[in-house]
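Scroll down for the structure; my scribbles are underneath it.
The values are calculated or read from the model by the stated rules, or taken from the named source; none is laboratory data. This is a predicted model, so every value here is computed, not measured. Reconstructed Cβ throughout: ideal geometry from the backbone, glycine too, with neighbour counts over all protein chains shown.
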Amino acid sequence: MDLLEIILYLVIGFGAAIIGALIGVGGGFLMIPILIFMGFSKDYAPVISIFVIIFTALSASIKYARKKSINYRLGLLYAPFTIIGALLGAYLLHLVNNLIFKIAFSGLVLYAGIYLILKKQETPDQSSEKPRAQRRSYYWIVLWGFLTGLSASFLGIGGGLVAVPVLSIFFLEEMHVAIATSLFIMIFTASASSLQHYILGYLDMTILVVAAIVALGAILGAQIGSSLQTHLKGRQLQVLFGIFMMSTALPLLWLAP
């Protein structure tokens, strides 16, 4: 590995983490296509991506914790089910043809993106309903948590593409909190997925060295992305994330093996 490659890996991590920390998705959508273009297979690009997302999520979560943007109770309830989904997804990633999953997931992403763009800002009356709505939504946390973890391992994206809209739509969290809590959850999801990849032999020393270099750039990028997020209004973030979801619905079909 020469100096130019090292610099390129650092830049990839830096750029992906800025976007990932800004909207709560980890940055896998930028990393995976670039890594595949650089010659990594569709088996190994998601493995590198999900490992890097651990450090993106950690770095951003430290920043958001200082601003008290994380709903720890919700995050800790959600995280165990994402871990189960991530462990299963990491195992299935290299065994099954997941075209049906990707088609269904792309449709869900497209629908959620449109919904977020059209969704109006919360009124005071709606805000008062939040505790009751959250209690009802806890019954669904098993399903959404599992789907978040499964998508993280299958696609190498960290799971924020599911977690952010779920936290916003079902748990009525304001977008700043949804994004920060999503990244907090992602620490557990990405760690579990990476551990499973390591056990299965896909996170070998060569891949680990590349992932570690990309992660160094991601740590700094996540600090910048999380700082930018605090300067945007909730409605701006909501529309930005909705546009992001709509623009990635079709590329999802190509990302994973």
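Tell me, yes or no, whether region 209-227 has at least one residue that is polar (S, T, N, Q), over 18 Å from I23 (Cβ atoms), assigned to a helix (DSSP H, G or I) and at pLDDT 85 or above.
No, that holds for no residue.
For region 167-220, what are the residues that are surrounded by fewer than 20 Cβ atoms within 10 Å (Cβ to Cβ), within 24 Å of F244 (Cα to Cα) and of a type in the set (F, W, Y)?
F170
Any idea which residue in region 234-257 is farthest from L35 (Cα to Cα), counting only those that are β-branched (V, I, T) and at pLDDT 80 or above?
Filtering region 234-257 for residues that are β-branched (V, I, T) and at pLDDT 80 or above, the one farthest from L35 (Cα to Cα) comes out as V239.
Is it the case that region 157-166 has a residue that's among the small types (G, A, S) and more than 17 Å from the chain's Cα centre (by Cα)? Working first, answer last.
Quick first cut of region 157-166, residues among the small types (G, A, S) only: 158-160, 163.
Remaining after also requiring more than 17 Å from the chain's Cα centre (by Cα): none.
Checked region 157-166: no residue is among the small types (G, A, S) and more than 17 Å from the chain's Cα centre (by Cα).
Give me a count of the residues in region 56-87 that are more than 13 Å from A192 (Cα to Cα) and in a helix (DSSP H, G or I).
18
Can you tell me how many residues in region 203-240 are within 14 Å of I62 (Cα to Cα) and charged (D, E, K, R)?
0
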